[in-house]
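Here, each number is a calculation from the coordinates, and none is a lab measurement. Quick caveat: nothing in here was measured; it's all calculated off a predicted structure. All Cβ positions, glycine included, derive from the backbone under ideal geometry; neighbour counts span all protein chains shown.
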Amino acid sequence: MSLNAATHPEDDSRFIVEAQFYEKLPYKKTRCKLCPRECVIDDRERGYCGVRENRGGTYYSLVHSRVCAAHIDPIEKKPLFHFLPGAPAFSVATAGCNVNCKMCQNWDISQSRPEQVRSTYLPPKDLAALAQQNRCPVIAYTYSEPVIFYEYMRDAAEAGHTVGIKSVVVSGGYIQQDPLKKLCHGVDAIKIDLKAFSEKYYKEIVNGELKPVLDALVTIHKLGVWNEIVYLVIPTLNDSDAEFRALTQWIKSNLGVDVPLHFTRFHPEYLLKNLPPTPLETLERAKAIADAEGLHYVYLGNIPGHPAENTYCPKCKHVVIERIGFTIKGTHLRKGKCEYCQQVIPGIWQ
Ligand code: SF4
């Protein structure tokens with residue numbers, strides 16, 4: 001979507017707000033408390049994500065309302081399968097990210113500084129109004145990593161709620177507990193990319209850590225925010241039976257069997273162009289393991305037309321939401337229940 005994109009001077013004050021989570025240190029240094037990286041930053045320097053800057057001992061976000069990507073996507077593309085099926089989501093991003101995944105699909109914005117990409121000033125009320133004008137019942141914070149534009153995301157979610165528009169977060173979940181808890185009180189769903197189930201992978205492929213992401217999932221679950229998990233299966237890196245089993249057992253023990261889990265197909269991208277796309281058999285093996293562990297809603301993604309795109313009632317096994325790709329072909333839900341056997345299907349349906 002064109003937003004009449006325009007570049008702005010580096011110091012455009014409209015984009016700059018004081019950061020909500022940091023502490024002041026001696027000698028005008030600051031320590032960021034937004035994500036587990038906890039960057040310590042000297043005056044006039046920025047944190048790892050490139051969008052937060054120390055100016056004279058005060059820490060600022062440089063990307064409030066500084067939107068570099070805006071599109072209307074089906075909510076299924078996020079993917080969220082148990083959240084307003086078929087709804088168009090007004091989706092926005094700013095530059096920057098707090099990790100550097102070797103398979104990133106949006107590296108051109110995630111690994112850029114704000115002044116390196118074309119951006120538009122889109123304050124929260126205008127974003128909510130634009131979503132309304134485009135008949136989108138939901139705003140999605142996505143494409144790069146919304147944790148790094150935290151202040152904008154929270155303000156936009158609040159502006160959306162005042163006019164009846166929901167907010168969903170599409171994140172890697174690399175965030176500290178305090179900001180996460182506050183975020184949970186202001187948004188309607190969070191999709192977490194759980195990129196692997198090993199610290200080694202997080203260290204070598206993501207440049208992050210697994211443990212804080214698992215802690216984030218537990219907190220989201222405890223606070224009752226609707227959550228779905230995506231696991232991008234990459235040949236040779238995170239595709240063993242043992243890892244699929246450990247992942248699904250952890251989900252079952254810590255989050256329960258009703259959290260939707262999406263195994264999605266990898267396509268060679270960015271710094272992992274040397275690896276092939278994920279074979280279908282690998283994805284089906286992952287699903288078989290998760291099904292055998294007892295998870296109720298295990299999906300396969302990036303394989304349009306596969307039967308594992310549908311939602312099945314865990315009790316009577318009928319299809320309750322039929323999908324092809326991101327398109328809804330039919331629903332058999334009535335007030336959140338299977339229309340055949342009245343089993344409650346968890347999710348946000350209206
Ligand atoms: S949000 Fe950015 S500045 Fe803050 S700790 Fe994380 S990477 Fe560092």
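Annotations
- Helices (runs of 4 or more DSSP H) contained entirely in the range 115-198, each with at least 1 residues that are among the small types (Gly, Ala, Ser) and touching a residue at least 12 places away in the same chain (Cβ under 8 Å): 124-133, 150-162
- Sole exception among (1) among the hydroxyl-bearing types (Ser, Thr, Tyr); (2) crowded, with 21+ Cβ neighbours inside 10 Å; (3) part of a helix (DSSP H, G or I) for TYR201, by number: (2)
- Scanning the range 138-156 for residues that are farther than 19 Å from ALA216 by Cα, surrounded by fewer than 24 Cβ atoms within 10 Å (Cβ to Cβ) and in contact with a Ser or Thr (Cβ under 8 Å, 6 or more places away or on another chain) gives VAL138, TYR143.
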